[in-house]
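The values are calculated or read from the model by the stated rules, or taken from the named source; none is laboratory data. Small disclaimer: the values here were computed from a predicted structure and weren't measured. Here the Cβ is made from the backbone with ideal geometry for all residues, glycine too, and neighbour counts use every protein chain on show.
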């Protein structure tokens, strides 16, 4: 496999996936480059949304497709924003508004623990009866004050005690090695035996 269509239009995800897969000789083609429209995410679980997106992309392009569904799960908020991470503060999606809402919601909680979760689903074709599924977790804490400018989403508020900095403060190279997405990709590549 030399090419894989990524079922996403998120510039941050495209950059991260492209960087990781380029190192192993696989070109990531963003779905927009092949005129694949974004599909809704109607499910309440990460796995159902990822499978739905991968199949949609593969059906339109006739190519193998990879989709992720990922988000921030905060223990004090019963796992929210979860599958609604990108639109936690409503539509249109807005990272700044999502972070403001997160900080406001966390004000009355002492438990700041949270984790990023990513599930990847790869289908070889639209009707692939055995999608390859892999996931990854990254544990940390929510901080009130934004720190750093790297990455996207909730990274400025996601603190990693072992690094003594937020995800947004990490060097891209380190972030691409330890992120929930990177861990899910490693698991996927192990399953593909690459």
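Residues that are at pLDDT below 95 and in contact with a helix residue (DSSP H, G or I) (Cβ under 9 Å, 6 or more places away or on another chain) within segment 149-172 comprise 149, 150, 151, 152, 153, 172, listed in sequence order. Selection over segment 19-51 of residues that are surrounded by fewer than 18 Cβ atoms within 10 Å (Cβ to Cβ) and in a helix (DSSP H, G or I) gives a count of 7.
Given the condition under 16 Å from the mean Cα position of the chain (by Cα) and in a helix (DSSP H, G or I), answer yes or no: does some residue in segment 58-71 qualify? No: zero hits.
When the residues of segment 52-73 are filtered to those that are in contact (Cβ under 8 Å) with a residue 60 or more places away in the chain and in contact with a helix residue (DSSP H, G or I) (Cβ under 7 Å, 6 or more places away or on another chain), the one that is surrounded by the fewest Cβ atoms within 10 Å (Cβ to Cβ) is 64.
None of 183, 192 is within 19 Å of residue 19 (Cα to Cα), in contact with a strand residue (DSSP E or B) (Cβ under 7 Å, 6 or more places away or on another chain) and loosely packed, with under 15 Cβ neighbours inside 10 Å except 192.
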